[in-house]
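Report on the structure given below.
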Amino acid sequence: MSSKQRYFVYGIVIIAMMIWGMTFIWYKQVYVEIRPVSLVFLRLLIASPVLLIVSALGRKLQRIRRHDLPFFLALAFFEPFLYFMGESFGMQRVSPTLGSVIVATIPLFTPLAASFFYHERFTKINIAGIAISIGGVCMVMAGEMSFSGSTFHGVLLMFMAVFAAVGYSVMVIKLAGSYNSFSIVSWQNTIGLLYFLPLFVIFEWDHAGQVRWTSSVIIPLLELALFGSALAFVFFTYSIKRLGITRSTVFSNLIPVFTTLFSYYFLREEITILKIAGIAVVIGGLLLTQLEKRQVR
């Protein structure tokens, strides 16, 4: 991969992290009216047909080969189903800041999965970069990681989302060699929609009819669907294909950084010197993870 291509991949994966950093704020805006299962179902109901149509018109949509169907079913089970079940219910119980910090632990567990399933090996510099980046996340969130206003169950649900994201990354690399990003994300969202349909009908059908559809609900819902469930996943899936599992997921450390910045801009939360220093440390750690080429045994 040339330097120009590498910078392009870095650019789109950073954009994906910016979008996901913003989703924690959109969640709180939507939860004023919509419950978790309804929210995820509606996100996928909007995102799935849009992705299918765009992919088909752009001649990007590939059919699922029969022998790959179990992998797609597992992919969609991890994400969107299991991930969004954990994140959606978890975000009812934790703050955007704490939620984004927990999601940022994904790079801690991904290298273990990558090593076990795909024998990915990283140098000591790469490992140090991951550790430094995570340390920067802790600096950014220092003083805001208490459990006040949240519950132990919310934290457990968020960690369920973390492990689902690791499982998703493992399944994506299995399919990325045969399918493009648009096809993978289109089919995962469509299958995920089918997973959520019975839950929506059984538990939240009546509630959905009572929602007050104001612009303060519709706009963040559309943003969650089109940006959070569609565009960001296309970008992230492409980055996994080009960079590998571990190097892509380590960018998740940027999510709480962006959430902090967006919270300051939209919610007027204070940014301290410690947070600014933490942002610099996160970026430095990310640079270390990208210094040397990935080796495969």
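Laboratory data are not the source of any read-out in this text; all were calculated from the coordinates shown. Remember, predicted model here, so these are calculated numbers, not experimental data. Using ideal geometry, Cβ is built from the backbone for each residue, glycine included, and neighbour counts are taken over all protein chains shown.
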Report summary line: Any residue on another chain or 5+ positions along whose placed amide H is under 5 Å from the amide H of GLU120 is listed here as SER115
Query raised in the report: Tell me, what ³J(HN,Hα) does each residue in the range 173-179 have, in order and in whole Hz, if you take phi through Karplus 6.51 cos²θ - 1.76 cosθ + 1.60 with θ = phi - 60° and put x for Gly and Pro?
Result: 5, 5, 9, 5, x, 10, 10
Query raised in the report: Where is the GNM fluctuation largest for the chain (alpha-carbon springs, 10 angstrom cutoff): GLU120, GLU33, GLU269?
Result: GLU269
Requested in this report: Using only Cα atoms, locate the centre of the range 167-234 and the centre of the range 52-97, then give the distance between them in Å, rounded to an integer.
Outcome: 6
Query raised in the report: Mind checking the dipole of the chain: about its Cα centre, +1 per Lys or Arg Cβ, -1 per Asp or Glu Cβ, Debye to the nearest 20?
Result: 1140
Requested in this report: Mind checking which of LEU199, ALA230, PHE72 is farthest towards the positive end of the chain's charge dipole, using Cβ charges of +1 (Lys, Arg) and -1 (Asp, Glu) about the Cα centre?
Outcome: PHE72
Report task. Mind pulling up the Rg/Rh value for the chain? Radius of gyration and Kirkwood radius, both on Cα. Result -> 0.95
Requested in this report: Per residue of the range 218-229, in order, report the coupling 6.51 cos²θ - 1.76 cosθ + 1.60 (Karplus, θ = phi - 60°) as ³J(HN,Hα) in whole Hz, putting x for Gly and Pro.
Outcome: 5, 4, x, 5, 5, 5, 4, 6, 6, 9, x, 9
Query raised in the report: Just TYR179, TYR31, TYR264 to compare: in a GNM of the chain, with alpha carbon springs under 10 Å, which one fluctuates most?
Result: TYR264
Report summary line: Phi angles of the range 95-111, converted by Karplus (6.51 cos²θ - 1.76 cosθ + 1.60, θ = phi - 60°) into ³J(HN,Hα) in whole Hz with x for Gly and Pro, give 7, x, 5, 5, x, 5, 5, 5, 4, 5, 7, 3, x, 5, 9, 4, x
